[in-house]
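Beneath this line is the structure, given in structure tokens, with notes to follow.
Since every read-out is calculated from the coordinates, none of them should be taken as a lab result. Predicted, not measured: the structure shown is a model, and the values here were computed from it. Virtual Cβ from ideal backbone geometry, glycine too; neighbours counted across all protein chains shown.
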Amino acid sequence: MSLLEIEGVTLKFGGVTAVNNLSMKVEEGEVFALVGPNGAGKSTVFNLISRFYTPVSGSIKFDGHDLLQMSPHEVPSLGIARTFQNIELFHQATVLQNLLVGRHRHRKAGLVPQLLHLPSVRAEERAHREAVEEVIDFLDLQPYRDKMIAGLPYGVRKVVELGRALASKPRLLLLDEPASGLSVEETQNMRWWIDDIRRQMGITVLMVEHDMGLVGKVSDRVLALADGAKLAEGTPAEVQSHPAVIEAYLGTSAISKTADAKGART
Amino acid sequence: MRFHFKTTYDDDIRLFIDGWKLFLYGALLVLMLALPWMIDSFYLGEANNVLIWAVCGLGLMLLTGQTGQASLGHSAFMALGCYSCVLMMQAGVPFIIALPVAGVITGCIGALIAIPALKLHGVYLAIATLALAILADDIIVLLEPWTGGVSGIVPPDIVIFGYVVNRWGNPTEWYYMTLVVTLVVTLLYRNLLRAPLGRSFAAVRDSEISAQAMGVDVARTKTIAFGLSCAITGLGGALMGLFAGAFNNETFNFLLSIQLLMMIVVGGLGFIHGAFLGAIVIAFLPQLLSIVSDMMGSGVAIPGLESAVFGVILIVFILFEPMGLYGRWLKFRVFLELFPFARKDMFKRQKSYLKTERLR
Ligand SMILES: Nc1ncnc2c1ncn2[C@@H]1O[C@H](COP(=O)(O)OP(=O)(O)OP(=O)(O)O)[C@@H](O)[C@H]1O
Ligand SMILES: [Mg+2]
């Protein structure tokens, strides 16, 4: 059984079919990349897994659990964490507090013990902070630890969002364009982090990414989407050289132009 | 500038970040305890009033400052706290039991009302809760057999362990009682902020969508916030009614809700200090106005002057000082610490990047 199984899922927004009869399987321990042109439906697939949207048909299973039976806030309790394409952090809180929200699914104390700050709550807090501190070390966030998100540069926010997802100790990590807007150097770091997340932490990664260089380096398998439907699936090299993918990226005219050019030469 | 070298996780959890802060707040507490010997009973009454407002303000602060939900209905919950406490006292329940139970009752009813109301957002929520505040007046009149309706209630004396606490007879004891309630509420508030629930409040305030993606049940969290907020405001309302010595359907007028909201905005949204600074402004502004109009020698009170001045202050703060008085103090402190290196744009809020409205 695969970790994540999506079967024949379709989602429509009014007249737009954002996801069209999509089936895919993500295996435990791999890095799986979703690629495709703008508006292909990649983020929508993430939002379906997060249960922000309900598909008109199809099924989504995680580790045997039927995700369609759950509400959005129950999904993380299975061990699914995510980042957002447009960075959704808690702006008026510090980096540390943001990462601590990532620990939400591990909280145990009830309302009254929290109000009274009983020793059990204190012990739990220490455990949360220990876990978060590991993430801070891993992502080199020490300089920003007590800073408000509202004043941080874009690149740092991206890392904080990754950290918040990691703090929840997920089994499956969904990264929506982890490298978009990052500098070359920051993208390099992101690459090593994704490698380590998979190798050292044993977390399965499903990511959306436009940077094919990064996709080629970190992912085991790639699935190309266009207009909500699957175009091709396979290793990064296979997908990149797939004619349907080249066509979707460059447009039909590009293909026919290269064909024309070839024709003219002969 | 002080640097904090943190060596244990408790450094981030404890109430006071360092010995200096502990000393400062300790000194403040000693000052508050010594106040009855330093000022006459009139000003002690004013100080008492400030603390009562601060308790009510902390209630609304929890909802608006911490969780990001506006409410203009909190005067109704002040009334609920007050009537339930006094009715229990009249039925012979000892005050030290009646007060917390009144808080719990107000909290539970607040949470029940929150379940449908919190489906609304922003200004719609404000309007719905305002309707509640206006309705409260009629409900009090309708329930005349219990509430005394228009003629109101004169509450029985507060008796704590056989010891009578009367506003006129024992102002010092009254003040200490309010101080204890204020300290307890502030401590509970602080405990909340350093626990998972307080962080999920902030998460809901700043981004509902990613709060959900982290496993926060948004509806439930808002309901708990509303309930806790009402409970605290109910306590404040009970103290306010008891302190007034008599109250009726008009005591907890909806204007009180608006004053409360203004108070926390002026004080500084999202800060405990903000509730206290706002309370000082609210409690002393009427006197300041009367002193000023006396000096101007007009002699006659201008009707509606107070509300007008409150309104102007609110607008000025929203436009120019959205972080309130406490925010202004924080900026001033950073300026002193960094002098002469402080930059003007240091507190400018950065635009959030590429925020889409696709997912609300
Ligand atoms: N909430 C929504 N309401 C209506 N249409 C939507 C909504 N969300 C997405 N869409 C549409 O669904 C399609 C897929 O959008 P999606 O955001 O999934 O694309 P994407 O592959 O993530 O693109 P990008 O690379 O630009 O992020 C687009 O045509 C988009 O306009
Ligand atoms: Mg997208």
message = Just want to confirm a number: the relative contact order over chain B, from Cα pairs under 8 angstrom separated by 6+ residues, in percent.
response = 29 percent
query = Which whole-number percent gives the relative contact order of region A:90-169, counting Cα pairs below 8 Å spaced six or more residues apart?
reply = 55 percent
inquiry  = Taking a ≥ b ≥ c as the square roots of the Cα gyration tensor eigenvalues, with a/c under 1.5 meaning rounded and otherwise prolate when a/b beats b/c, else oblate, which class fits region A:1-156?
reply    = prolate
remark   = If N is the residue count of region B:36-358, its Cα Rg over 2.2 N^0.38 Å rounds to 1.04
query = For region B:183-197 and region A:183-235, what is the separation of their C-alpha centers, rounded to whole Å?
reply = 42 Å
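As a test of understanding, state the convex hull volume per residue of chain A from its alpha carbons, in Å³.
Numbers: hull volume 41.3 nm³, N = 266.
So the per-residue Cα hull volume is 155 Å³.
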task = List the relative contact order of chain A as a percent without decimals, with contacts defined as Cα pairs under 8 Å and 6+ residues apart.
result = 26 percent
message = Of B:VAL181, B:ALA244, B:GLY65, which is farthest towards the positive pole of chain B's charge dipole, taken about the Cα centre with +1 and -1 on the beta-carbons of Lys, Arg and Asp, Glu respectively?
response = B:GLY65
note = Given Cβ charges of +1 for Lys and Arg and -1 for Asp and Glu, the option among A:VAL26, A:LEU111, A:MET201 whose Cα lies farthest towards the positive end of the dipole of chain A is A:LEU111
query = Given springs between every Cα pair under 10 Å in a Gaussian network model of chain B, which of B:GLY268, B:GLY59, B:GLY26 has the largest fluctuation?
reply = B:GLY26
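From the square roots a ≥ b ≥ c of the eigenvalues of the alpha-carbon gyration tensor of the protein assembly as shown, which class results: rounded (a/c under 1.5), prolate (a/b over b/c), or oblate?
It is prolate, given that a/c is not under 1.5 and a/b is the larger ratio.
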inquiry  = Give me B:LYS6, A:LYS169 sorted ascending by neighbouring Cβ count inside 10 Å, so fewest comes first.
reply    = B:LYS6, A:LYS169
remark   = Under the rule rounded for a/c under 1.5, else prolate if a/b exceeds b/c, else oblate, using alpha carbon gyration tensor axes a ≥ b ≥ c, region B:89-221 is classed as oblate
request  = Using only the alpha carbon atoms of region B:77-136, find the Kirkwood hydrodynamic radius as the inverse mean reciprocal pair distance, in angstroms to one decimal.
outcome  = 12.5 Å
inquiry  = As a test of understanding, state the convex hull volume per residue of region A:96-250 from its alpha carbons, in Å³.
reply    = 145 Å³
query = What percent antiparallel are the DSSP beta bridges of chain A, to the nearest 5?
reply = 55 percent
request  = Tell me the trypsin sites (Lys or Arg not before Pro) within region A:92-183 that lie in a loop according to DSSP and have at most 11 other beta-carbon atoms within 10 Å.
outcome  = A:LYS108
query = So how do A:188-195, B:89-96 stack up, highest first, on mean other-Cβ count within 10 Å?
reply = A:188-195, B:89-96
remark   = Result row for chain B, helices from DSSP H with C-alpha axial extent 18 Å or more and mean Kyte hydropathy at least 0.5, is B:19-38, B:41-61, B:74-90, B:95-117, B:122-142, B:171-193, B:218-244, B:254-267, B:272-295, B:305-320
query = What 222 nm value per residue comes from the helices of chain A, counting each DSSP H run with n ≥ 4 as -39,500 (n - 2.57) and dividing by all residues, nearest 500 deg cm²/dmol?
reply = -12000 deg cm²/dmol
ask   = If you take the C-alpha gyration tensor of region A:90-169, multiply each eigenvalue by 5 and take the square root, what semi-axes do you get, largest first, in whole Å?
value = 24, 13, 10
query = So which trypsin sites (Lys or Arg not before Pro) in region A:1-93 pass both tests, a DSSP loop state and at most 14 other Cβ atoms within 10 Å of the Cβ?
reply = none
inquiry  = With the cut-off at 29 Å, tell me which of the pairs A:LYS169/B:LYS119; A:LYS217/B:LYS6; A:LYS169/B:LYS331; A:LYS61/A:LYS108 have Cα atoms farther apart than that.
reply    = A:LYS169/B:LYS119; A:LYS217/B:LYS6; A:LYS169/B:LYS331
